[in-house]
Amino acid sequence: MRKSGSEDAPFLPDHAGFWQAEIVEQCRLARDTYRIRLHAPELAALITPGQFVMLRCPELRDPLLGRPFALYDTIDDRDGRPAHVDIVYLLKGKLTHLLPKRSAGQELEVWGPLGNGFVPPSRAQHAVFVAGGIGQTPFVALAKELTGRRRYGRPPRVVSQATKVTLCYGARSAEWLAGLPDFEAAGCDIRIATDDGSRGHHGWVTDLLAELLETADVDWVATCGPEVMMATVARMTAQRKVGCHVSLETPMACGIGACFSCVVPVKEEEGGWDYKRTCVEGPVFPAEQIAWEV
Ligand SMILES: Cc1cc2nc3c(=O)[nH]c(=O)nc-3n(C[C@H](O)[C@H](O)[C@H](O)COP(=O)(O)OP(=O)(O)OC[C@H]3O[C@@H](n4cnc5c(N)ncnc54)[C@H](O)[C@@H]3O)c2cc1C
Ligand code: FES
């Protein structure tokens, strides 16, 4: 089922489709973290980095509502056409605890692509991603795009390439770090921080960003993860006048702009503030727009 919509707003849900997508495979990437591969050729052709999909189990009434998951990557078939969509999920609540029990050949309901996604600036020489916890998921595809390894969207969009892409990735401990080989293959320079010091820097992932902002020419920062981390990244980049975008993981009910369960307070140019819906006006926002509540 696919609907058409106005061509000047390609991120609006009018451009999304709804599919019963067959599970191709599942694998465990890290503690409580899995990658699920869905056969969804049209979705794989349309979706761009930073956009998301809603997933649900078709035959279940509990959970009734879909859950949002960022695009991890798309995979081509043997003829080089986009065929599969990869999602990486952390066990959290009802749906994510059900997903590992699903095997290849079973189906999931998926609707997307949703949200605006990342639009990297045209002159980002050195792009830095700051990810905390499961917040690394939107950055594999974005890294591949920025390093010229893959293109996304229909028609495949052209983004200006970065000369360097650095991933600063923070986790509780080494066993929670998911997808490092994918980031290596995407051409990222990887810097790790763990809360317990079991791998990389013993401390906050924002310490790694502070070092980069001090010593390297950073043109653009994108961040996703716990709100307090993103708020810190927003403050640090604002102080240095470095452009920053945040990808919010606000809880969502409908994913298509109808229920207003996903609103975030944003600052307005005139000095006031308003609510915006993360599912349609986000999930990616300029960091300086967000009225952080932490
Ligand atoms: C745009 C977007 C992209 C996302 N991408 C990913 C991804 O790639 N991988 C991934 O693992 N997760 C991702 N998430 C988060 C994921 O959607 C939630 O964790 C989801 O609730 C999991 O579903 P569940 O049924 O397992 O948990 P639920 O039963 O829905 O929730 C379990 C608990 O988590 C709380 N909760 C629900 N949603 C959130 C949230 N967004 N943040 C914090 N707490 C929440 C609930 O209040 C509840 O206490 C994303 C969220 C958004 C908005
Ligand atoms: S989740 Fe319903 S409006 Fe955003």
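Among Lys101, Lys276, Lys267, whose mean-square fluctuation peaks in a Gaussian network model of the chain (Cα, cutoff 10 Å)?
Lys101
If you build a Gaussian network model of the chain, linking Cα atoms that sit under 10 Å apart, which residue out of Gly225, Gly93, Gly132 swings the most?
Residue with maximal mean-square fluctuation among Gly225, Gly93, Gly132: Gly93.
With a cap of 10 neighbouring Cβ atoms within 10 Å, and only residues DSSP puts in a loop, list the trypsin sites (Lys or Arg not before Pro) found in the range 13-88.
Numbers: sites: Arg28, Arg31, Arg35, Arg37, Arg56, Arg61, Arg78; in loops: Arg31, Arg61, Arg78.
In loop regions of the range 13-88 (DSSP not H, G, I, E or B), the sparsely surrounded trypsin sites (Lys or Arg not before Pro) are Arg61, Arg78.
Starting from the Cα of Arg123, move 7 Å in the Cα-to-Cβ direction to define the label point; list residues of the range 157-171 whose amide nitrogen is under 17 Å from there.
160-164
So what does log10 I(q)/I(0) come out to for the range 13-114 at q = 0.24 Å⁻¹, using the Debye formula with one equal point on every Cα and no solvent?
Those come out to -1.44, one per q.
Can you tell me how much longer the chain between Asp274 and Glu184 gets when fully stretched, taken as 0.36 nm per residue apart minus their C-alpha distance, in nm with one decimal? It would help to have the intermediate numbers written out before the result.
On the way: separation 90, 0.36 × 90 = 32.40 nm, distance 3.96 nm.
Full extension of this stretch gives 28.4 nm more.
Return the unpartnered cysteines for the chain, using a Cβ-Cβ cut-off of under 4.7 Å.
Cys27, Cys57, Cys168, Cys188, Cys224, Cys244, Cys262, Cys279 - these cysteines have no disulfide-compatible partner (Cβ-Cβ under 4.7 Å) in the chain.
By the scheme Lys and Arg +1, Asp and Glu -1, what is the net charge of all other residues having a beta-carbon under 11 Å from that of Pro156? Can you show the working numbers first?
Details: positive: Arg150, Arg151, Arg154, Arg157; negative: Glu145.
Its environment carries a net charge of +3.
Under 10 Å, Cα contacts only: if you run a Gaussian network model on the chain, which one of Thr96, Thr74, Thr215 comes out with the highest mean-square fluctuation?
Of Thr96, Thr74, Thr215, the most mobile in the Gaussian network model is Thr215.
Listing Arg240, Arg191, Arg150 from the residue with the fewest other Cβ atoms within 10 Å to the one with the most, what is the order?
Working: Arg240 14, Arg191 20, Arg150 17.
With the sparsest Cβ surroundings first, the list reads Arg240, Arg150, Arg191.
With a Förster radius of 45 Å, plug the Cβ-Cβ distance of Thr215 and Glu59 into 1/(1 + (r/R0)^6) and report the FRET value to the nearest 0.05.
Details: r = 54 Å, r/R0 = 1.19.
After rounding, the FRET efficiency stands at 0.25.
Quick check: Cα centre of the range 135-186 to Cα centre of the range 41-108, how many Å?
One Cα centre to the other: 18 Å.
So how do Phe118, Phe285 line up by other beta-carbon neighbours within 10 Å, fewest first? The partial results should precede the final answer.
Details: Phe118 25, Phe285 21.
Arranged by neighbour count, lowest to highest, Phe118, Phe285 become Phe285, Phe118.
Measuring from the lowest to the highest alpha carbon on each principal axis, how far does the chain reach, largest first, in angstroms?
Projected onto the principal axes, the Cα atoms of the chain cover 51, 47, 37 Å.
Which FRET efficiency, nearest 0.05, do Gln20 and Lys267 yield, Cβ-Cβ r, R0 25 Å? Let's see the in-between values first.
On the way: r = 41 Å, r/R0 = 1.64.
Taking R0 as 25 Å, the efficiency between Gln20 and Lys267 is 0.05.
Work out the FRET efficiency for His97 and Glu288 from their Cβ-Cβ distance, taking R0 = 51 Å, and round it to the nearest 0.05. Don't skip to the answer; put the middle values down first.
On the way: r = 37 Å, r/R0 = 0.72.
So, using R0 = 51 Å, E works out to roughly 0.85.
If you place +1 on the Cβ of every Lys and Arg and -1 on the Cβ of every Asp and Glu, how big does the dipole about the Cα centre of the range 13-114 come out, in debye to the nearest 20?
On the way: 13 positive and 14 negative charges, 112 e Å.
Once rounded to the nearest 20, the dipole reads 540 debye.
How far apart, in nm, are two points set 7 Å out from the Cα along the Cα-to-Cβ line at Gln106 and at Gln161?
Distance between the two pseudo-spin positions: 4.2 nm.
Which length gain, in nm to one decimal place, applies between Ser173 and Asp79 when the Cα-Cα distance is subtracted from 0.36 nm times their residue separation? Display every interim value, and only then the final one.
Details: separation 94, 0.36 × 94 = 33.84 nm, distance 3.98 nm.
Extra length available between Ser173 and Asp79 comes to 29.9 nm.
Going through the cross-link list Lys101/Lys276; Lys94/Lys164; Lys144/Lys276; Lys92/Lys164, which pairs have a Cα-Cα distance over 31 Å in this structure? Walk me through the intermediate numbers first.
Numbers: Lys101/Lys276 36 Å; Lys94/Lys164 39 Å; Lys144/Lys276 29 Å; Lys92/Lys164 33 Å.
Violating the 31 Å limit, Cα to Cα: Lys101/Lys276; Lys94/Lys164; Lys92/Lys164.
Amide H of Ala83 versus every other amide H placed in the peptide plane: which residues, excluding those fewer than 5 positions away on the same chain, fall under 5 Å?
Ile75, Asp76, Asp77
Read the figures in this text as sums done on the coordinates, not as results from a lab. These numbers were taken from a predicted model, which means no experiment stands behind them. No Cβ is skipped: glycine too gets one built from the backbone with ideal geometry, and neighbour counts run over all protein chains shown.
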